[in-house]
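Inspection log for the structure reproduced underneath, given as structure tokens.
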Amino acid sequence: MRAALDAHDLDTFDGFFRDDYVCERPRHPGSPMSSREDVRRNWTEVLGDVPDLHFEVPAAVADGNTIWSEWRMYGTARSGAMLEIRGVIIFGIQDDQVAWSRMYLEPVEHEGNTLAQLVAAQPPPPLE
């Protein structure tokens, strides 16, 4: 999967997902679930905007039909802006294809807050 993305081979990448695939993004609960069609559409757009996008999976572990994986994606957008995204994707496997995933990916903040500043920040409003 990583090799297909790194080669920008969306035909091969698309084959890893079941037709009824569903993706959740728990850090963004208001976002709609993603389908297999959304995967291809989203990656086509991302790879078009960041033509030198590279992918790394520094760590992964399988537990039965679940794969926990750490991801790093980086490249330069056509605008000249650097893009780096890191996080974890949990995959559920059924019949040798990805049936579902939960993505915890976020852009890297190279000039971010210290841990003390983050802890002191106001908590987000409660979910309704």
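Things worth noting here:
- Top positive-direction residue, dipole computed over the chain with Cβ charges, set SER69, VAL39, TYR104: TYR104
- Mean sequence separation of contacting Cα pairs (under 8 Å, at least six apart), scaled by the length of the chain, corresponds to a relative contact order of 22 percent.
- Environment charge at GLU106 (Cβ cut-off 9 Å; Lys +1, Arg +1, Asp -1, Glu -1): +1
- Of the accessible area of the stretch 1-89, computed with a 1.4 Å probe over protein heavy atoms only, carbon and sulfur atoms account for 52 percent.
- Percent RCO, i.e. relative contact order, over the stretch 1-60, from Cα pairs under 8 Å lying at least 6 residues apart: 38
- Ligands, DNA and RNA are left out, and with a 1.4 angstrom probe the accessible area of the chain is 67 Å² per residue.
- Compared with the dominant principal axis of the Cα atoms in the chain, helix 36-49 is inclined by about 60°.
- The local environment of SER34, defined by Cβ-Cβ distances under 14 Å, has a net charge of 0 under the rule Lys, Arg +1 and Asp, Glu -1.
- Cα-based radius of gyration of the stretch 1-84 once divided by 2.2 N^0.38 Å, which approximates compact folds: 1.16
- Net charge of Cβ neighbours under 15 Å - reference ILE93; Lys, Arg +1; Asp, Glu -1: -2
- Computed [θ] at 222 nm, helices only, for the chain once each DSSP H run of length n ≥ 4 contributes -39500 (n - 2.57): -6000 deg cm²/dmol
- Charge dipole magnitude, Cβ of K and R +1, D and E -1 - the chain, Cα centre, debye nearest 20: 260
The values are calculated or read from the model by the stated rules, or taken from the named source; none is laboratory data. Because the structure is a prediction, the values reported are computed rather than measured. Note: ideal-geometry Cβ built from the backbone for every residue, glycine included; neighbour counts use all protein chains shown. We work out accessible area using only protein heavy atoms, side chains counted, and drop any ligands, DNA or RNA first. Shrake-Rupley method; radii C 1.70, N 1.55, O 1.52, S 1.80 Å.
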